[in-house]
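One structure below.
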Amino acid sequence: MTPIQNMRGVGPALARHLRAHGVATVEELAAIDDGDLCRIPGIGERRAAVLKRVALMEEETVAEPGPDANSADDEKTKSSSVQAADQDRSPSASELEMKARLAEAEAARLAAEIKAAKAEAKAAKAKRKAAVLAEEFAEARIKAKQKAKKVKAKAKKAIEKEKAKAKAILDAKAAEKKKKRK
């Protein structure tokens, strides 16, 4: 049994997450149904399909156990043509290398998709934050205008009051001069 963290494209965090949901080996991952794999939080349909495909490839590349000691006599009795047929059925090194490269490419693609999704989420968050800041700025501008209007109105009233006082003083002086002339 191959531990899940030894599978290509599965890092320590994903391995912990899968183990927490009962998938501890590559063989268990290969045997699990796609629907059940999709139900694990954080694993969507695409990721489940990629993980399943890589697990199946990993499972195929796992070496079969060697012959038992009792079967050594049986092996001597096999004909050379049967042995040659057995060798033809095993995958060649180039096929294994190709499968490994394919698994690496698939894991890299998956990592790129995850990175792109994170970037999109970050951009969306920044956009929301910018909208909130723009709204707050607009509200602050409205409040500043209202406050300026109030201050201006208060200043006008104070000026009018001072003008009225000045006029009253001037009128009083003018009235005194008229009285003195008469």
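Mind listing just one residue for me: the one in the range 18-42 that is within 19 Å of Ala117 (Cα to Cα) and either surrounded by fewer than 18 Cβ atoms within 10 Å (Cβ to Cβ) or of a type in the set (Gly, Ala, Ser) (or both) and, of those, farthest from the chain's Cα centre (by Cα)?
From the range 18-42, those within 19 Å of Ala117 (Cα to Cα) are 38, 40-42; that's our starting set.
Then drop every residue that is not either surrounded by fewer than 18 Cβ atoms within 10 Å (Cβ to Cβ) or of a type in the set (Gly, Ala, Ser) (or both), which leaves 38, 41-42.
Numbers: Cys38: 17, Pro41: 14, Gly42: 10 Å.
Here the answer is Cys38.
Specify which of the listed residues (Ala124, Ala107) is among the aliphatic types (A, V, I, L, M), surrounded by 10 or more Cβ atoms within 10 Å (Cβ to Cβ) and modelled with pLDDT of 95 or more. Please lay out each step first, then the result.
Values: Ala107 fails: modelled with pLDDT of 95 or more.
Answer to the selection: Ala124.
The values are calculated or read from the model by the stated rules, or taken from the named source; none is laboratory data. Keep in mind that what you see is a predicted model, and the values were worked out from it rather than measured. Neighbour counts run over all protein chains shown; Cβ positions are idealised from the backbone, glycine included.
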